[in-house]
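We did not get these values from a lab; they are worked out from the coordinates using the rules stated. From a predicted model like this one, the values you see are computed outputs, not experimental measurements.
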Ligand SMILES: *Cc1c(COP(=O)(O)O)cnc(C)c1O
């Protein structure tokens, strides 16, 4: 039976070949990719990395070396990709989870104001599912307290808030080209430095970044053909069962390489960046269809968007009424061949590798835990069939029956 992948970027085998060949021929492919990314996000600098977490680790290391001593904590969203606290730890710093608002999936601004202190090096945003956080407020708070802000747009390439690109708020920005992101080279990422005081520090440090490893690149290239072939529903039904691919897994890993991105992969990222407006248009349209189809059901809560938010929706999230209801609905969607997901299994405060660093006990983290318990993410990619929204609606509606 066909199975709709939870997320992905529509690529043909020909696209993969053309993108890689362009990068192979042009040793400046990473430079052109970065020029495109810095233009999109109005950043003074952009550098391509082997992964988003590598970019984040490198960035936090440079910040730490240039900040006043004593600033060793990094405020991270209490519900986000486990790679974020892992990158903080790998940079020799301490992750400090900030609670979130389940209605908007943004940082809880009151809790953020309590946490941000003289030992805070940086604040990291989340922008999960390409939905812009309250970025102007986070930016203002960070600036007022002399704390760096890293706008994590790993899931939000192509999203905007007040006509400004997500990833372009604060001092630094981050994009990822991992498997389920807005564009994908299986692994890859980019770091942006907007302007002002940090540009000099990064210009002076970037020369220390090692170039991509040949073996690492070869392994990634080898996965690209299957990725392009198996994302379609007929192929995904087979590959999702292969445990070696680790599809949909969330791990707290500290052993990843920290290097630049191979020019070959940068060529493929560049090809997709040129198509970003079209990719985003399709995902927004599919998200819009899901939103309308689910609108009147009492057991579905849509995520509230900020005014003037233009999300990128690599997946479309909604919230179920309870953890139990979510379990039942996910099982129904799964039986119908729809790759819906509960996403990150736990709030970061409940991940032992993060909690080990100490969690402020004065706060309940009820918001982040509620997100972890109730979120359901739905596919939006170009391989989604026309009847997806109706089938998703049927799964939620069936859970209302006594
Ligand atoms: C994927 C992701 C990252 C890390 O990016 P990788 O390229 O997978 O290392 C960081 N933050 C968020 C919110 C992500 O979704």
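Quick look at the values:
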read-out: Contour minus Cα-Cα distance for residue 215 and residue 199 (0.36 nm per residue); value: 2.6 nm
read-out: Relative contact order (%) - the chain, alpha-carbon pairs under 8 angstrom, separation at least six; value: 27 percent
read-out: Mean separation of Cα contacts under 8 Å, 6 or more apart, over the residue count of region 260-327: relative contact order %; value: 31 percent
read-out: Estimated 222 nm signal from helices in the chain, with DSSP H stretches of n ≥ 4 weighted -39500 (n - 2.57), rounded to 500; value: -12500 deg cm²/dmol
read-out: Most fluctuating residue given options 307, 44, 55, as computed from a GNM of the chain linking Cα atoms under 10 Å; value: 307
read-out: DSSP-defined beta bridges in the chain - what % are antiparallel, rounded to 5; value: 60 percent
read-out: Among 26, 386, 99, residue whose mean-square fluctuation peaks in a GNM of the chain (springs only between Cα atoms under 10 Å); value: 386
read-out: Beta bridge orientation in region 35-150: antiparallel %, DSSP, nearest 5; value: 15 percent
read-out: Relative contact order of region 140-179, pairs being alpha-carbon contacts under 8 Å that are 6 or more residues apart, as %; value: 43 percent
read-out: The chain: most fluctuating residue of 356, 321, 240 per GNM, C-alpha cutoff 10 Å; value: 356
read-out: Antiparallel DSSP beta bridges within region 63-209, percent to nearest 5; value: 40 percent
